[in-house]
1. For the range 123-177 and the range 100-119, compute the distance between their C-alpha centroids and round to whole Å.
2. For the range 420-496 and the range 323-339, what is the separation of their C-alpha centers, rounded to whole Å?
3. Restricting to DSSP loop positions (anything but H, G, I, E, B) with no more than 16 other Cβ atoms inside 10 Å of their own Cβ, which trypsin sites (Lys or Arg not before Pro) remain in the range 413-496?
4. Gain in length, LYS281 to SER132, computed as 0.36 nm per residue apart minus the alpha-carbon separation, to one decimal in nm?
5. Starting from the 7 Å offset along Cα-to-Cβ, what nm value, one decimal, do you get for the label separation of ASN311 and SER242?
6. Obtain the nm distance between the two label points defined at ASP374 and ASP338 by a simple spin-label model: each point lies 7 Å from its Cα along the Cα-to-C-beta direction.
7. Work out how much length GLU410 to ARG393 would gain on full extension: take 0.36 nm times their residue separation and subtract the Cα-Cα distance, in nm to one decimal.
8. Could you line up ILE173, ILE229, ILE268, ILE334 from fewest to most neighbouring Cβ atoms inside 10 Å?
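Rule-based calculations on the coordinates, nothing more; no lab input. The structure presented is a predicted model; accordingly, all values stated were derived computationally and were not measured. Cβ atoms come from the backbone with ideal geometry, glycine included; neighbour counts cover every protein chain shown.
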Amino acid sequence: MRLKNEIENEIENEIENEIEKEIENEIENEIENEIEQLPVEEEIELKGLLSGQSTDEALVETRKSIFFKILKIFMILILIAILADSIFILVTFPKNSTTRFYNNGTHDFYPTVILLSIDGFRDDYLYRNITSYMTNFYQDGLQSEYLIPSFPSVTFPNHYTIVTGLYPESHGIVGNTFYDPDLKDYFYYTNLSHSLDTKWWGGEPIWVTAEKQNQKTGVSQWVGSSAVIKGITPTYYYHYDSKLDMNEQVSRVMNWLDLPLNERPTFIAAYDPKVDSIGHKKGPDSKELNEVLEATDNLIRDLLNGLSQRNLTDIVNFIIVSDHGMAPTNSSSIIYLDGIFNISKVFPLEGYPMAGVRPYNDSEVTDIYTKLKDASLNQPWECYLRADEIPKRFHFRNSKRIAPIYCIPETGRILTSHRDSNGTKPPLGTHGYDNLEPLMRGIFLANGPAFKEVESRIKTNVIEGFHNVEIYNIITTILRLKPAENNGTSGGILWN
């Protein structure tokens with residue numbers, strides 16, 4: 001964007017300078033020419049024009065001449081501006097994405113992206129020799145070594161980060177559940193009718209960016225996609241359905257691709273929760289988890305077959321991601337905080353398996369924090385004041401929706417209270433820990449014309465792991481969209 005601004009500023013300065021010079025030169029030249037062509041008597045009279053003493057018709061003709069020449073300058077400078085904009089596009093967007101149309105032999109296609117999220121798919125699940133279709137997919141395309149989730153490494157914040165390019169502290173979805181002291185209201189991810197209220201959702205998700213720039217979008221049960229954000233929803237969308245069959249998911253995507261050109265989405269997103277669900281219930285190393293990995297691989301197979309049948313393998317850009325990984329946990333992992341301070345003085349703990357502690361009375365913050373800090377010495381957990389102690393790399397300070405005290409356990413541990421746990425057993429798998437913890441890593445796999453170009457340029461199909469705030473700009477770059485403000489790399493990390 002800096003390059004484009006510099007070009008536009010240069011053009012504005014050029015216009016001002018050229019107009020001033022042209023007016024001065026034309027007035028002098030035209031008047032001198034008129035004077036030279038007149039008899040001496042009239043020459044003397046016309047010279048009075050310079051002091052405003054005459055209204056001779058020659059002055060009118062001179063002004064007309066100046067006007068048309070200035071108009072010519074404007075036309076030339078407009079062409080320069082158009083050229084500058086074209087240069088900006090060429091240096092910003094990848095080569096394969098500048099093509100306005102692709103054709104599969106029967107139909108034209110605009111540059112198109114499918115984004116599929118497999119909730120809770122840890123990066124090392126790929127190496128269990130279960131997901132052969134996913135393996136073939138990334139070996140023929142592009143793979144990051146891993147995808148780093150944003151902090152906290154839980155579902156709602158990270159799915160919304162993926163589509164906005166913003167850290168949770170910036171887009172406002174700071175947890176699966178949280179309290180907003182300004183709204184005096186709770187966000188519960190399980191209460192869909194309430195959590196879809198516009199007031200919760202900051203930032204600009206990719207489907208809003210696309211719709212604002214006259215591209216159509218289709219989204220199947222992605223976090224936030226059923227909410228009205230900036231007055232906009234996707235062109236086509238489906239509400240979350242935990243019982244959605246994988247075959248129906250495939251049908252939704254393919255039906256959108258089969259629409260006529262001017263009705264067809266250029267951005268399509270879909271979400272599947274099954275790997276995460278089984279990871280929680282049975283654990284990340286269970287037989288049941290491996291079974292759902294195989295089913296998920298079949299989902300990928302069916303999507304790839306659908307693209308192949310439509311001759312879209314080299315036309316549509318297909319991205320597969322996950323929001324976080326999964327760590328094994330058990331009953332011995334629980335750390336109860338009840339005995340450290342009076343739990344009745346605080347709101348329900350936030351940020352499970354961490355403990356976001358929000359006193360009902362702000363005056364209690366220092367006392368409760370001091371007790372927690374002392375109790376955590378030489379223990380497998382640490383406590384921080386949100387405002388100035390939470391590690392900066394978490395990007396988790398600048399929102400009142402983040403509790404003023406945050407206690408973070410070692411991976412695999414769970415912080416809670418007897419009041420908050422209410423006697424329930426902990427899951428066998430949990431996430432939500434330090435986002436740099438290897439067990440929290442997700443995946444980024446991609447294939448299609450834009451990624452083939454990247455692979456050809458960098459001479460490898462495996463790239464270093466990167467943060468998921470980068471995905472938004474990758475997609476806007478491919479779709480030739482002007483991105484909203486975000487925390488990712490300008491122009492897309494793959495092209496920098």
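1. Here the two parts' Cα centres lie 21 Å apart.
2. The range 420-496 and the range 323-339 have Cα centres spaced 26 Å from each other.
3. Numbers: sites: ARG413, ARG419, ARG441, LYS452, ARG457, LYS459, ARG480; in loops: ARG413, ARG441, LYS459, ARG480.
Passing sites in the range 413-496 are LYS459.
4. Computed gain between LYS281 and SER132 is 51.2 nm.
5. Here the modelled spin labels are 4.4 nm apart.
6. According to this spin-label approximation, the distance is 2.2 nm.
7. 4.4 nm
8. ILE334, ILE229, ILE268, ILE173
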